[in-house]
Each structure stands twice: as C-alpha cells, then as structure tokens.
Amino acid sequence: MKVYHGSNVRVEKPTIIISNRYLDFGYGFYTTTNKAQAENFAKKVSARRGGTALLNTYELDETVVGDLVKVKKFDGADARWLKFVADNRNGVYNGESYDLIIGAVANDDVYQTLQLYLSGLYSEEQALSALKIKKLYDQYVFASELSLKALKFISCEEV
C-alpha cells in the first residue's frame, strides 16, 4: 500500500518526529493514504517554514506491520478515538504505547469540532455527532523505530 508524507524536505529515511506541539496521535512520523491531503500539508509546511512543497511517497509493507509491531487502529471517529486524540492534543496521554497508530486525522475540517470539545463547549456526544457529517481522512503514524522498517521510500516530487 502507498502512503504519503507532505513536507518541505525530501525524506528518504523517515525518523520519529518530536514536535514542538501536541499532535493527534503523539510523536511519530505522520503519513496518509490520501495523496491530496499530503500535498495540502506539504503546501502549508513550505508556506510556514520556507522551501518547496514536496510529496514523499512510500510503500508500506503490511507483512512487516503484522509481524513486528504493536498496532492501534481506530475504525472511525468514535468515543475511543476522540479521547485518544484529546489526551494527545492536551499532552496528557499516559496509556499504552504503540508502534503504529492508524485512524482519522483531525484536519482543518475537523479541527473546529475538536477545539470545541477540548475547550468544554461541546460534550462528547455533541462532538461525535458533529464529526459524523465530516469527511474524515486517514493517518498512519509510525511511533517507533521498529515500525519505520515497514516503510520503503519510493519517490519525492514537487507539488
């Protein structure tokens, strides 16, 4: 399966990215199967940090994933996903560690709903109801060096 990483740099050898802010699924190397989403992110990153918007493409070896790593998979924006993202975004997640986390991304379209929930203006029920009408894209977050072995760099192109 192909996965994409939007950036302002070529990333032939992915590494775990320690961000200066709290992200949906914590620290890791973030990818998606949605090419347009990765291209959009690349444009945002290059606008913020300079450089060229680049789309890095990888082949995800699912046999390695199945054999070697501890995977957490969310099948949609349900209560478990909402709590996991909220805890990570607030910097308070202290649960089990995973090598690979798969689930919906809280992109720009979802961000406002998530912020209303995090600020206490939306209950869990209200947030989940609002998320049901959103088009959700996926993210694959490689959160350990072991999981990165499942990625094979294919190409990098300007977007």
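The values are calculated or read from the model by the stated rules, or taken from the named source; none is laboratory data. Just so you know, these numbers come straight off a predicted model, no measurement behind them. Backbone-built Cβ (ideal geometry, glycine too); neighbour counts: all protein chains shown. For accessibility, only protein heavy atoms count, side chains too; no ligands or nucleic acids. Shrake-Rupley method; radii C 1.70, N 1.55, O 1.52, S 1.80 Å.
Take the Cα of Thr33, go 7 Å toward its beta carbon, and the backbone nitrogen atoms of the range 124-159 under 14 Å from that spot belong to 136-141. Counting only protein chain heavy atoms and rolling a 1.4 Å probe, the accessible areas of Leu82, Leu116, Leu151 rank, largest first, as Leu116, Leu151, Leu82.
Quick check for the range 21-122: number of Lys pairs with alpha-carbon distance under 21 Å, counting only pairs 8 or more apart or on different chains? For the range 21-122, the number of qualifying lysine pairs is 6.
Measuring with a 1.4 angstrom probe and ignoring ligands and nucleic acids, Ser129 comes out at about 70 Å² accessible.
Our note on the geometry: Cα centres of the range 7-21 and the range 75-136, 23 Å apart. Based on Cα contacts under 8 Å between residues 6+ apart, the range 19-159 shows a relative contact order of 41 percent. Think of it as helices only: each DSSP H run of n ≥ 4 in the chain is worth -39500 (n - 2.57), and spread over all residues that comes to -10000 deg cm²/dmol at 222 nm.
Ordering Asn20, Asn34, Tyr93 by the projection of their Cα atoms onto the charge dipole of the chain, which places +1 on the Cβ of Lys and Arg and -1 on the Cβ of Asp and Glu, puts Asn20 at the extreme positive end.
Net charge near Asp99: determine it from the other residues with C-beta under 13 Å of the C-beta of Asp99, scoring Lys and Arg +1 and Asp and Glu -1. After counting each charged neighbour, the total is +1.
Considering the zone a paramagnetic label at Phe153 would reach in this model (a point 7 Å from Cα along the Cα-to-Cβ line), which residues of the range 27-64 have amide N under 14 Å from it? Within reach of a label on Phe153, which here means backbone N under 14 Å from a point 7 Å along Cα→Cβ, the range 27-64 contributes 55-59.
Using r as the Cβ-Cβ distance of Ala79 and Asp138, and R0 as 30 Å, what FRET efficiency do you calculate, to the nearest 0.05? The computed FRET efficiency comes out at 0.95.
Take the chain with all the other protein chains still there, run a 1.4 Å probe, and you get 55 Å² of accessible area per residue. Of the residues Ile16, Ile102, Ile133, Ile154, the one with the largest accessible area comes first in the ranking Ile133, Ile154, Ile16, Ile102, computed with a 1.4 Å probe on protein heavy atoms.
By the scheme Lys and Arg +1, Asp and Glu -1, what is the net charge of all other residues having a beta-carbon under 15 Å from that of Leu151? In short, -2. Cα gyration tensor of the range 39-92, axes a ≥ b ≥ c as square roots of the eigenvalues: rounded (a/c below 1.5), prolate (a/b > b/c) or oblate? Judged from the Cα gyration tensor, the range 39-92 comes out oblate (a/c at least 1.5, b/c at or above a/b). Electrostatic bookkeeping for Glu39 treats Lys and Arg as +1 and Asp and Glu as -1; over the other residues with beta carbon under 12 Å from its beta carbon, the sum is +1.
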